Every structure is written in C-alpha cells, then in structure tokens.
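The values are calculated or read from the model by the stated rules, or taken from the named source; none is laboratory data. The shown structure was predicted, so the numbers you read here are calculated from the model rather than taken from an experiment. Neighbour counts run over all protein chains shown; Cβ positions are idealised from the backbone, glycine included.
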Ligand SMILES: O=P(O)(O)OC[C@H]1O[C@@H](O)[C@H](O)[C@@H]1O
C-alpha cells in the first residue's frame, strides 16, 4: 500500500495505531476544534498522498457525519485521489424501512451520502436486516460489509466450550449462525417486538436451558434492553450462567450497570467501538477487508 496514509481522529487513537501497524501504513491525525457555537474546525495534513484511508467509527454519529462532509472534500483538495472510509460501526443502518407513514428510511440516505463522498466504505456488521448487501444502498462495489461473528464465535468457544449461543431476535440469526459455525457451538434464535427505545418484548426459543452456560450474541447493544430482557428470562428458566457478546459496544445510558444488575456474568465486545468491555480486536479483519477491496 504505497503512497497511502491512514487518517484518524484522536479519540480513536488506539484502534488507529493498531491498524496502522497491521497495514504498515503511516498514520496521521486530523486536528479538530469545536467552536463555542458547535461548529467544527478540521485541519488535515498537507499535502496528502494519492491514497487516503479515513478511520471514523460512527457511534454518536451526527457530529461525525458533519466531520466527514468537511474532511472528505478537503482530503481531495489536498491531493487524495482515492478516498476510503473505514467506519467499523456504520450508523443509521437500523432505520431501514418506513415504519410509520412519512418516516425517513435513513439507511438509504446516509449510505448514499457516504458513497458520494468516498470511493469505498468498509464497515463491520452494519445491521443489514432487510437488505442483503450494501450494494442495494450504494453504487455496486462501493461498500464492503465484513462480519465479526466468526471472531466472536471462536472467542466464545475458547471461554465457554459447551456454551449455548442465543440470538435474541430474528435479525440476529445471521450473526449467531456464523458465530456458532466458527466456534462449533449449539445455537438458537428468539423473537422480539420493539415498542419503544427502552421497551421490548421477547419470546426466547423453547429450549431446555436449565444448567446450561448461555451466551447471548448480537450485533450491538444500545440501551441493552434486548439483552437485559433475554438474560433475565434465561436465568429465570435456570440457565447456569449468562454471558453477553456483541460486535458493537454502544452501551448507551445505564445499559452496562443494568446488564450486570440483570445477572449477566461476562460482557465481551469487539473494539469496533472503543469501550471498557472490548475483549477482541477487529484490526485483522479490517486489514483483510482492505486488502480485498483495494485489489479490485
Ligand atoms: O435493545 P438495544 O440494546 O437498545 O438495541 C440493540 C438491539 O436492537 C437491534 O436493532 C439490534 O440488532 C439489537 O438487537
């Protein structure tokens, strides 16, 4: 990857450093100042090489989307000819249909917006539930979605070798199936109905869980209510232990203490989103995906 630079923001420095080392690509940071009125001032290194990889996870996305809208055209002005966004977490992908009349299908619009700014977008487990690939919302080949499920499955199998993997809802079946295959574990998937941000009802599979070490697996935890409801039900049914593993550790509000209070033993996540629960790294996965994308 000659004449390539990895650009990142200081709040993702550990992930950026690990990635720069894995790719053997130099790293530079975007200077960022937030003015009192909320506007942003960004400073990019000048000049830039022809190939620029911009690392920006889109958890807490709104301000970061503005950063990208400013940083991407600036990078091109400063010399970047090929611009790739590495967004380990891609926001707005869960708003994938018009649930109520007039509701914006944000998935489509945010994906399109990013594809207008970047030649490629590389991400992990972007909650593609109603569509099969990013090609349905971006120009074909512009987006690449990797999955951390096999990594999580192998990780879980080492720690809970006889574990039963449970996905809380139908959306999770794609990740749970892959993780179970990679770890050689049993799995099952429940059903969920969301009534509000913090209000979900769950129907877990009718399985004998008494005495079993159960690991709940999902793409992300936000309020944690999906996992909390599932964990409480599994413990009520006599599960010996309930652990939780997610790709994206959003853990908003009181999610983490509430999960612990519900009796969850271990909480593991990948470092796609920097968080105290991070237990395994997505850097090898990102590096592999990048090589694949840049070969084409
Ligand atoms: O229940 P919280 O943590 O708020 O939200 C995360 C859940 O909502 C779904 O879209 C995700 O796939 C996950 O199952």
Exercise. Give the residue that is nearest to the ligand (Cβ to nearest atom), with candidates limited to residues of the range 183-193 that are farther than 10 Å from residue 169 by Cα and either surrounded by 15 or more Cβ atoms within 10 Å (Cβ to Cβ) or touching a residue at least 24 places away in the same chain (Cβ under 8 Å) (or both).
Key: 187
Quiz item: Any residue at all in the range 60-75 that is closer than 24 Å to residue 171 by Cα and at pLDDT 95 or above?
Solution: yes
Quiz item: Does any residue of the range 108-123 turn out to be surrounded by 15 or more Cβ atoms within 10 Å (Cβ to Cβ), more than 30 Å from residue 77 (Cα to Cα) and at pLDDT 95 or above?
Solution: no
Quiz item: Within the range 222-248, can you find the residues that are outside any helix (DSSP H, G or I), within 10 Å of the ligand (Cβ to nearest atom) and surrounded by fewer than 22 Cβ atoms within 10 Å (Cβ to Cβ)?
Solution: 222, 223
Quiz item: What about residue 257, is it within 15 Å of the ligand (Cβ to nearest atom), part of a helix (DSSP H, G or I) and either surrounded by fewer than 19 Cβ atoms within 10 Å (Cβ to Cβ) or assigned by TED's automatic domain parsing to the domain that holds residue 94 (or both)?
Solution: yes
Exercise. Kindly indicate which of 207, 216 is surrounded by fewer than 19 Cβ atoms within 10 Å (Cβ to Cβ) and either modelled with pLDDT under 95 or within 15 Å of the ligand (Cβ to nearest atom) (or both).
Key: 207
Quiz item: Here are 95, 59: which of them is within 17 Å of the chain's Cα centre (by Cα) and without any contact (Cβ under 8 Å) to a residue 24 or more places away in the chain?
Solution: 95
Quiz item: When the range 170-182 is examined, which residues are found to be crowded, with 21+ Cβ neighbours inside 10 Å and more than 15 Å from the ligand (Cβ to nearest atom)?
Solution: 180
Exercise. State which residue is farthest from residue 235 (Cα to Cα) when the search covers only the range 140-169 and only residues that are within 16 Å of the ligand (Cβ to nearest atom) and not in a loop (DSSP other than H, G, I, E, B).
Key: 145
Quiz item: For the range 62-79, how many residues meet the condition of being crowded, with 18+ Cβ neighbours inside 10 Å and either farther than 16 Å from residue 115 by Cα or in contact (Cβ under 8 Å) with a residue 60 or more places away in the chain (or both)?
Solution: 2
